[in-house]
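Report on one structure; see the data block that follows.
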Amino acid sequence: MDAETIPWTRAVRSRWDLVLTTRHEHVGEVSGEVLVFQPGAGTPARLDREPPTYRGRVLPSALALPHLTDVDVLWRTRPEVLPAAVVSGDICLDRMRASAHRRAAYRSALGVGPGTRLVTVCSTWGAESLFGRHPDLCDRLVDEAGDDTRVAAVLHPAIWAAHGKTRVLARARRAGLLVVPPESGWQATVLASDHVLGDLGSTTVYAAAMGIPVRLVAATHRAFPGGIADELARAVGRIDLGAALLPQLASAVDGSVGELITALVSSCPDEASERLRNVMYLLLGLDEPVWRAAVRPYAPPRPHDPP
């Protein structure tokens, strides 16, 4: 993100006007107004493992929730935090919706021509993720792909941290796999895709919300019962890993799945920018600008060079 980084020792010695975080642990050591975001679409709030309190006080000055139903969850689990709750919508979903018209430009940046099918593999992190259980999946897809198909991979940042930039999917990258780093265009790559093959991580959820045909890999990690990922698992098909992969990808887009998942991800689509700016300026003690908050489209993707 090209942001300035500082040592934690300096962070806890300073007074900040606004602290933005997706985690609760240790943030109580930092002085300033705290705005807490949810960690991703389909990811339930980790309020039991990371109680949003510190030394007896409620940690968030504001807790941004993407959906009205999240308020009900908060009421059942951590009612003391309810006064800080703000229904903000989902800024990532809104930016993807604002970027959909750039699909052709994103495909061009990936080197994918008009007559070429783009299949993107999405994986969250951990032993139960797609990458954790089936690290050879991208190799298989690249081996199956002909001249009319390109394969891309979008991996959780924790995978890069654990395995290193040069080792991740090295063989498949040499064979033509497009590997997109998390800071350089995973959203644009998803929007450029004709099919997404994924687990129940946030990236797959966003792909389904945008109407991209999604198929799940069998035996991926369990979904939170009744959550978005659980509904996605019910709505889309699974891939049979014992058969050829590419022939199993359906060509039709089921628009009803996209509408269903969008409605579950955000209860106020296209409003997150305005709502988040409003709460940020309130916490900063500043007058909000009179012009509307911009929703910036995503920049074109920049895949890693082959190792």
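The values are calculated or read from the model by the stated rules, or taken from the named source; none is laboratory data. It should be emphasised that the depicted structure is a prediction, and the values quoted were computed from it without experimental measurement. Here the Cβ positions follow ideal geometry from the backbone for every residue, glycine too, while neighbour counts run over all protein chains shown. Protein only, heavy atoms only, side chains kept; ligands, DNA and RNA dropped before computing areas. Shrake-Rupley method; radii C 1.70, N 1.55, O 1.52, S 1.80 Å.
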Check segment 272-286 and report whether any residue there is closer than 22 Å to His156 by Cα and either modelled with pLDDT under 95 or not aromatic (Phe, Trp, Tyr) (or both). no
Quick check: anything in segment 90-98 open to solvent by 10 Å² or more (accessible area, probe 1.4 Å), assigned to a helix (DSSP H, G or I) and free of Cβ contacts under 8 Å to residues at least 12 places away in the same chain? no
Could you list, in sequence order, all residues of segment 269-286 that are surrounded by fewer than 18 Cβ atoms within 10 Å (Cβ to Cβ) and touching a helix residue (DSSP H, G or I) at 6+ places or on another chain (Cβ under 7 Å)? Pro269, Asp270
Tell me, please, whether a residue that is open to solvent by 10 Å² or more (accessible area, probe 1.4 Å) and in contact (Cβ under 8 Å) with a residue 60 or more places away in the chain can be found in segment 114-123. yes
For Ser267, state whether it is in a loop (DSSP other than H, G, I, E, B) and polar (S, T, N, Q). yes
Taking only segment 164-200 into account, find how many residues are of a type outside the set (S, T, N, Q), at pLDDT below 90 and out of contact with any strand residue (DSSP E or B) (no Cβ under 9 Å at 6 or more places or on another chain). 6
Leu260 fails exactly one of the following numbered conditions: (1) farther than 22 Å from Arg97 by Cβ; (2) in a helix (DSSP H, G or I). What is the number of that condition? (1)
Scan segment 72-89 residue by residue and report those that are surrounded by fewer than 16 Cβ atoms within 10 Å (Cβ to Cβ) and out of contact with any helix residue (DSSP H, G or I) (no Cβ under 7 Å at 6 or more places or on another chain). Asp72, Arg76, Thr77, Pro79, Glu80, Pro83
Do any helices (runs of 4 or more DSSP H) entirely within segment 151-195 hold 2 or more residues that are out of contact with any Asp or Glu (no Cβ under 8 Å at 6 or more places or on another chain) and buried (at least 23 other Cβ atoms within 10 Å of the Cβ), and if so, which? 186-192
Taking the stated definitions as given, is Ala208 part of a helix (DSSP H, G or I), farther than 25 Å from Pro307 by Cα, hydrophobic (A, V, I, L, M, F, W, C) and open to solvent by less than 10 Å² (accessible area, probe 1.4 Å)? yes
Under the condition of being more than 30 Å from Arg296 (Cβ to Cβ) and among the aliphatic types (A, V, I, L, M), which residue from segment 41-72 is modelled with the highest pLDDT? Val58
Hits in segment 3-16 - residues which are within 24 Å of Tyr281 (Cβ to Cβ), assigned to a loop (DSSP other than H, G, I, E, B) and open to solvent by 100 Å² or more (accessible area, probe 1.4 Å): Glu4
